[in-house]
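Chemist: Here it is: the structure, laid out below.
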Amino acid sequence: HAWLSLCYTLLFFSAPQMGIPYAFLELKRIIVAALDEESRVMSLVGAPESDEADADVAAAGESPANVSKATAAFPPASGRSMPISIVLLLPDGRWQEMNLPKLELRVATREELQLWTMHLTAASQGKVPAPQHAGVVSTQIGHALA
């Protein structure tokens, strides 16, 4: 079990007992690749580099300027995705970057799955809450599986 906290475009992981983050990832570099509502699991993968995304859009006959980032929030047509870079925060103040091919997050309810999907998708596009809604969204998740 882990505690997730979303702060603008960063997703922090912490232990429920401590509350101090032990890792984070930058959401502008990930996309929600799949949702399994039955098991309440969302799969995150690394977002394609902007050149790759533009090439995929051009191959589909679209102009990159005419396609919103929301449309590009799916893995490239080739099925390749970039690894997810998670930054581990070490107790002595150092940090270490770890790459994963994908990250699966399981939440307690379908409502939480929908809420987290909405927030993570918005954050991955650089959209942050309006000032009156700014702050941190947190929940406990069942599993963070690599």
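Chemist: What about E26, is it modelled with pLDDT under 95 and of a type in the set (D, E)? Let's see the steps before the verdict.
Modeler: Values: modelled with pLDDT under 95: no; of a type in the set (D, E): yes.
Considered against the rule, which asks whether it is modelled with pLDDT under 95 and of a type in the set (D, E), E26 comes out as no.
Chemist: Moving on. Inspect all residues belonging to the range 47-67 and state whether any of them is crowded, with 16+ Cβ neighbours inside 10 Å, within 21 Å of E112 (Cβ to Cβ), at pLDDT 85 or above and in contact with a helix residue (DSSP H, G or I) (Cβ under 8 Å, 6 or more places away or on another chain).
Modeler: Within the range 47-67, none of the residues are crowded, with 16+ Cβ neighbours inside 10 Å, within 21 Å of E112 (Cβ to Cβ), at pLDDT 85 or above and in contact with a helix residue (DSSP H, G or I) (Cβ under 8 Å, 6 or more places away or on another chain).
Chemist: Another question about this same structure. Which one of A73, A77 is at pLDDT below 50 and under 24 Å from K127 (Cα atoms)?
Modeler: Details: A77 fails: under 24 Å from K127 (Cα atoms).
Result: A73 is the single residue among A73, A77 that is at pLDDT below 50 and under 24 Å from K127 (Cα atoms).
Chemist: Residue under question is A15, and the condition is that it be at pLDDT below 75 and either aliphatic (A, V, I, L, M) or in contact with a Lys or Arg (Cβ under 8 Å, 6 or more places away or on another chain) (or both); does it hold?
Modeler: no
The values are calculated or read from the model by the stated rules, or taken from the named source; none is laboratory data. Quick caveat: nothing in here was measured; it's all calculated off a predicted structure. Cβ coordinates were reconstructed from backbone atoms using ideal geometry, including for glycine residues, and neighbour counts include every protein chain displayed.
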